[in-house]
Structures are given as C-alpha cells and as structure tokens.
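Note sheet for the following structure.
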Amino acid sequence: QVQLVESGGGLVQPGGSLRLSCVASGSIFRFKTMGWYRQAPGKQRDLVAHITSDFSTNYADSVKGRFTISRDNAKKTVYLQMNSLKPEDTAVYYCNTFPEHFYSWGQGTQVTVSS
C-alpha cells in the first residue's frame, strides 16, 4: 500500500520558519515529480511547489523566494523549507505527485502563522 506521511507543521509567528517533511512508501518515488499542496479553510487545495525527478523546481508566485522544495530519493522524502512565513500561509499542507495524484492523500500537516 502506497502512502504519504507529512510532518513538521506547527504554530509560528509571522516572519518565522518551518521545515515540512513528507515520507513516501513504495518504489516509484524517485521517478515521480513531487509536489507540496496546501488547503486553507473553505478553499480549494492548491499547488505550492513541485520538484521533478531530476530536481528541477517550480513555485507558486505567492511563495516564490520564501519557500524551497527539495527531495532525498534515498530516504523517499520531500521537504518544504518555509521562511518569512505570513498569516496567509496558514493551511493544511499535503504532498503528492504532480500533476497526477498517484498516492492516496495523507493526513497533512497543519501550519498556522499567527502572532
């Protein structure tokens, strides 16, 4: 059974930083483009960033210059380093493949940016 486990969220003040991790199961991880998504209350789930199998990255305009996506194929893990956090970054963060969603969605990790 392929699955994803996200972690690293929490409560942080504006301007603070968090590092999210997502561990995947199965053998296809290293071949897949992985993305981080987020869903704020009452809103749709949106793509935040993605990283290809050859480590090319792309970011939503709202996080460009503040967030960095990376991956470790040996650990089947994708990371999201989030700096200069803003209240509007508050959401549940998920990872999955991009553009198709190969894995079942995990439980996500809550990020709350508030003073």
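Here are the numbers for this structure:
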quantity	calculated
Filter pass, V23 being over 24 Å from P87 (Cβ atoms), surrounded by 13 or more Cβ atoms within 10 Å (Cβ to Cβ) and in contact with an Asp or Glu (Cβ under 9 Å, 6 or more places away or on another chain)	yes
Unmet requirement for N96, which otherwise passes all of (1) over 14 Å from A24 (Cα atoms); (2) touching a Cys at 6+ places or on another chain (Cβ under 9 Å)	(1)
Condition met for S62 (farther than 16 Å from S7 by Cβ, open to solvent by 10 Å² or more (accessible area, probe 1.4 Å) and among the small types (G, A, S))	yes
Long-range neighbours under 6 Å by Cβ, at least six apart or interchain, first residue closer than 11 Å to L18 by Cα within the range 104-115, second of a type in the set (S, T, N, Q) and at pLDDT 95 or above	T112/T90; V113/T90
Enumeration of residues in the range 26-42 that are over 16 Å from A91 (Cα atoms) and either surrounded by 13 or more Cβ atoms within 10 Å (Cβ to Cβ) or of a type in the set (A, V, I, L, M, F, W, C) (or both)	G26, I28, F29, R30, F31, K32, T33, M34
Near pairs, Cβ below 9 angstrom, 6+ apart or cross-chain, from the range 29-47 (under 22 Å from K76 (Cα atoms)) to any residue that is of a type in the set (K, R) and open to solvent by 70 Å² or more (accessible area, probe 1.4 Å)	F29/K76; R30/K76; Y37/R45; R38/R45
Matching residues in the range 1-56 - criterion: being part of a strand (DSSP E or B), among the small types (G, A, S) and in contact with a Phe, Trp or Tyr (Cβ under 8 Å, 6 or more places away or on another chain)	S21, A24, G35, A49
Close pairs from the range 1-12: first among the hydrophobic types (A, V, I, L, M, F, W, C), partner in a loop (DSSP other than H, G, I, E, B), Cβ under 7 Å, at least 6 apart	V2/S25; V2/G26; V2/Y103; L4/Y103; L4/G106; V5/G106; L11/S114; V12/L85
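The values are calculated or read from the model by the stated rules, or taken from the named source; none is laboratory data. Here the structure is a predicted model, which means the values were calculated and not measured. Glycine gets a Cβ as well: all are built from the backbone with ideal geometry, and neighbour counts include every protein chain shown. To get the accessible areas, we keep the full protein, side chains included, count just its heavy atoms, and leave off ligands, DNA and RNA. Shrake-Rupley method; radii C 1.70, N 1.55, O 1.52, S 1.80 Å.
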